[in-house]
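Encoded as structure tokens, the structure appears first; notes follow it.
The values are calculated or read from the model by the stated rules, or taken from the named source; none is laboratory data. Treat the numbers as computed from the prediction; the structure is a model and nothing was measured. Positions of Cβ are generated from backbone atoms using ideal geometry, with glycine treated the same way; all protein chains shown enter the neighbour counts.
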Amino acid sequence: MGRCVLFVDKNRKNSRFWLALVIFSLTGQIAWVVENMYFNVFIYKMFNASADAISLMVGASAASATITTLLIGALSDKIGKRKLFICGGYILWGITIWSFALIRTDVIHVLFPAVASATSVGVSLVIIMDCVMTFFGSSANDACFNAWLTESTDSTNRGAAEGINAMMPLLAILVVFGGFMGFDLDRSESWVTIFNIIGVAVIAIGVSGFFLIHDTAVRSEENSHYFSNIFHGFRPGVIRRNKTLYASLIAFSVFNISIQTYMPYLILYYNVSLKLDNYVLIMAPAVILAAVFTAFYGRVYDKMGFRKAAAPAIVLLMAGYVFLYLCKNTLLVFVGSLLMMCGYLSGMAVFGAVVRDYTPENKAGMFQGLRIFSQVLIPGIIGPAIGAKVLANAEQVLNDDGTYSFVPNENIFLAAFVAAVFVWIALALVFHLMKKEARYAG
């Protein structure tokens, strides 16, 4: 049975495809930015969470994302539907984001009148609901939207599409930063408004998908054995037949470990350590420039291939770490942030494209779990744990309620730099296998 494609010619995408790509990718990334960067701020400011609690939350969410993507990716392959999971998942994702408006100390005191401290209960509730939210978000975005994108592109346009997809996290950061400017994040009321707005927006995008998205999956007998398909990517025979794919996933994982070493603590570092109350205004130009850079950089992959596109991205990332570790001056922090974000997003673009290129035909859903395993689970557990270890003896500040909070320091960027060194080792393996494969093909 032939593949079901989104449009008649995959090389020429119409406006509906690009619109769906932009709004679903951007909205999904806005939700992930709030989770990955601002949930940490939320439990830090509202419930005085420790670095270990933040690390636990990120790790638990990463595990939820990976398990969900394995289960739902295989299920969408079996059923042969993407749209239902994408649209329904976004709607439920928005509802769970909305529910965070209820996680407040006044509500906790009403629901749990016997507890001595609402802060510990609040941290626990945020972690639990984060996992629930991640289930719906990963079902819609990680498993099915990414499978849809893989099936809707080919080697002639995948870099361009992935360049747009990869720039969305930075645009999402810009949207979130700009949107949060008017809020006092030390006030519970601000968070209630934020969760209400984002929740409704994600629900609305989910509804729009019923009119924008055309299904790309095809139900086949080969994909009909659900429980077998869940673990398809972990079979030794599958690994042997797709060595370059798995080597790319290893390199992608190490790359993301480096990112997750500092990312959960980045906003806190700007705000608490550097005392940049206006960090949004400082970061916005860096975000815009990095987003534009990434949108064009995806075409470098299409024209020059993974080898020539990956190396500059890692160099930019590591250069950004050096600036952020050594410098406290606002201008130099901006330069370091720009280099770091350019390297981060361009790296995400080229790694995302190479993984899609080597994903076997008609098995996109099954392999999304493996992608999340390397992009989210392993980095989400190891990276924040490294960051928490580095910050174990960080300076403490006294809060107004008598509790203490840690102050993130520049050592998170040194640790991230060390992790990035290992990316080069993993890339050497990928380049070797690509060269070997090309020699056999020739």
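For this structure, a couple of remarks:
- Candidates Ala247, Ala204, Ala309 - the one that is over 29 Å from Ala74 (Cα atoms) and either of a type in the set (D, E, K, R) or assigned to a helix (DSSP H, G or I) (or both): Ala309
- Once the stretch 94-120 is narrowed to residues that are surrounded by 15 or more Cβ atoms within 10 Å (Cβ to Cβ) and aliphatic (A, V, I, L, M), the residue that is farthest from Phe24 (Cα to Cα) is Ala118.
- In the stretch 100-119 there is no residue that is within 26 Å of Phe373 (Cα to Cα), in contact with an Asp or Glu (Cβ under 9 Å, 6 or more places away or on another chain) and not hydrophobic (A, V, I, L, M, F, W, C).
- Count of residues meeting criterion [assigned to a loop (DSSP other than H, G, I, E, B), in contact (Cβ under 8 Å) with a residue 24 or more places away in the chain and under 21 Å from Ile198 (Cβ atoms)] in the stretch 157-182: 1
- Among the residues making up the stretch 289-314, those that are among the small types (Gly, Ala, Ser) and either touching a strand residue (DSSP E or B) at 6+ places or on another chain (Cβ under 9 Å) or closer than 14 Å to Trp424 by Cβ (or both) are Ala310, Ala311, Ala313.
- The residue that is farthest from Trp424 (Cα to Cα), among those in the stretch 315-338 that are touching a residue at least 60 places away in the same chain (Cβ under 8 Å) and of a type in the set (Phe, Trp, Tyr), is Tyr325.
- The set of residues from the stretch 107-156 being part of a loop (DSSP other than H, G, I, E, B) and among the aliphatic types (A, V, I, L, M) comprises Ala114, Val115, Ala116.
- Residue match in the stretch 183-194 (condition: out of contact with any Asp or Glu (no Cβ under 8 Å at 6 or more places or on another chain), modelled with pLDDT under 80, hydrophobic (A, V, I, L, M, F, W, C) and not in a helix (DSSP H, G or I)): no
- Filter pass, Thr150 being of a type in the set (S, T, N, Q) and under 19 Å from Phe85 (Cβ atoms): yes
Conditions tested, residue by residue: (1) modelled with pLDDT under 90; (2) closer than 30 Å to Thr153 by Cα; (3) not in a helix (DSSP H, G or I).
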position: Ala353; (1), (2), (3): yes, yes, no
position: Gly369; (1), (2), (3): yes, yes, no
position: Pro384; (1), (2), (3): yes, no, no
position: Ala394; (1), (2), (3): yes, no, yes
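- Summed over the stretch 297-349, residues that are closer than 30 Å to Ser273 by Cα, small (Gly, Ala, Ser) and at pLDDT 90 or above total 7.
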